[in-house]
Amino acid sequence: GRAGLHPGVVTETAGGGSCTANFVFTAGERVFLGQAAHCAGTGDVTETDGCSSSTGPVGTEVTIHGSDGRDRTGTMAYSSWVTMQADHETDRDACANNDFALVELSPDDATDVNPSMPFFGGPKSLREGTLRDGAPVLGYGNSTTRAGVAALSPKAGSIVSTTSGGFGQEVSMANPGIPGDSGSGFLTGNGEAVGVLSTLNLAPLPVSNGMTNLAEALRYAADHGFADVELEPGTEPFTPKPAALLPRSLADRG
C-alpha cells in the first residue's frame, strides 16, 4: 500500500501523451511498467495504425507520476510500433491492434514498485488465448481529466468481438475508458491479466474500448528480440467486489 509505482499510475511520454500504466513486468533484474505503444505517438490522435503512425523511438524518456506524489523518470525500452515499423510488418491485425510498450525503471526506483492493481487486486497470472464473447473484464484507468474522482477509475464490461488474428478484442463498458486511460490493464473475471486498453471507440460500437491481447503482445515482443519478459503477479488478493461494480451488472446497464 505504500508503493508509489504500480498499475494505474499516470505516465507522460516525451513528445507523446498522458496514459495509464497497466502491469509490472520483469526480465531478470530489470523492472518495467507496461503502457500502450501509442502513448509515444507523435502524430495526430487519429493515427492508430502501429505500422505507419509516427512515434518516438526506443529510449524516449517517460515521466511516471507516482501515487506517493513523487515523479520518477523511466525509459521506453520496447515499443510494438517501433518494432513493427523496423521489421516492415505486413500483418494487418498486428498493425491495427498490437499496441504495447515497456517503460524501464531505474534500479533505485524499482524498490518502490508493487504489482497489485488498485481496487481489484491481482493480477493472478497472464491469461493465454482470447476470451469468448460475453466474458467479463475489469479495468482501472487513471485519466487526469477525471480531476481525481477515484470512483470513476474502476470499470467493468464484457467482450463483444475478436479480430480475426486474435490481437485485439472489443470491450463494451458502461464506464468506458477516456483519453488518459490508454494503456491501462484489463483483468478477466478471475483476476488474470488479459489486455491493454488501446482505442477509445465511437464507431462502429459506441461506449466501447479496443483491447490489445496482452499474451499476443508479449509473444510478439519475444519473437522480435525482446524475450524473457514476465508478468509480475500482484501481492494483493484479487476481488471483483463491491457488487455494484460486478461485470455482469455493469454490462447489463450498458
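The values are calculated or read from the model by the stated rules, or taken from the named source; none is laboratory data. Note that the coordinates shown come from a computational prediction; the quantities given were computed from them, not determined experimentally. Cβ: placed from backbone, ideal geometry, glycine included. Neighbour counts: every protein chain shown. Note: areas computed on protein heavy atoms with side chains; ligands, DNA, RNA excluded. Shrake-Rupley method; radii C 1.70, N 1.55, O 1.52, S 1.80 Å.
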Notebook entry, point to check: Any residue in segment 110-126 that is surrounded by fewer than 24 Cβ atoms within 10 Å (Cβ to Cβ) and either in a helix (DSSP H, G or I) or free of Cβ contacts under 8 Å to residues at least 12 places away in the same chain (or both)?
Noted result: yes
Across segment 70-84, the tally of residues that are in a helix (DSSP H, G or I) and either in contact with a Phe, Trp or Tyr (Cβ under 7 Å, 6 or more places away or on another chain) or farther than 24 Å from residue 167 by Cα (or both) stands at 1
**Item:** Yes/no for residue 58 being among the aliphatic types (A, V, I, L, M), part of a loop (DSSP other than H, G, I, E, B) and either surrounded by 14 or more Cβ atoms within 10 Å (Cβ to Cβ) or at pLDDT 95 or above (or both)
**Value:** yes
Among 135, 203, 174, 147, the single one that is more than 18 Å from residue 22 (Cβ to Cβ), modelled with pLDDT of 90 or more and surrounded by fewer than 20 Cβ atoms within 10 Å (Cβ to Cβ) is 135
Residues of segment 177-190 being assigned to a strand (DSSP E or B) and either buried (at least 24 other Cβ atoms within 10 Å of the Cβ) or acidic (Asp, Glu) (or both), in sequence order, are 185, 186, 187
Residue hits (segment 13-28; open to solvent by 10 Å² or more (accessible area, probe 1.4 Å) and closer than 28 Å to residue 191 by Cβ) are 18, 26, 27, 28
Scanning segment 212-233 residue by residue, the ones that are part of a strand (DSSP E or B) and either modelled with pLDDT under 95 or open to solvent by 50 Å² or more (accessible area, probe 1.4 Å) (or both) total 1
Within segment 85-102, restricting to residues that are assigned to a helix (DSSP H, G or I) and touching a Phe, Trp or Tyr at 6+ places or on another chain (Cβ under 8 Å), the one that is surrounded by the most Cβ atoms within 10 Å (Cβ to Cβ) is 97
If we ask which residues in segment 14-23 are under 16 Å from residue 139 (Cβ atoms) and outside any loop (DSSP other than H, G, I, E, B), their number turns out to be 2
Checked segment 81-105 for anything within 17 Å of residue 20 (Cβ to Cβ) and not β-branched (Val, Ile, Thr); matches are 99, 100, 101, 102, 105
Going through segment 25-72 in order, the residues found to be of a type in the set (D, E, K, R) and over 15 Å from residue 110 (Cα atoms) are 44, 47, 49, 61
Can you find even one residue in segment 53-63 that is touching a residue at least 12 places away in the same chain (Cβ under 8 Å) and on the phi > 0 side of the Ramachandran plot?
-> yes
Going through (1) open to solvent by 10 Å² or more (accessible area, probe 1.4 Å); (2) closer than 28 Å to residue 124 by Cα one by one, residue 76 fails only at (1)
Margin query: Taking the conditions exactly as written (surrounded by fewer than 22 Cβ atoms within 10 Å (Cβ to Cβ), at pLDDT below 85 and hydroxyl-bearing (Ser, Thr, Tyr)), does residue 208 satisfy them or not?
Written below: no
If you go through 45, 31, the only one that is open to solvent by 30 Å² or more (accessible area, probe 1.4 Å) and among the aliphatic types (A, V, I, L, M) is 45
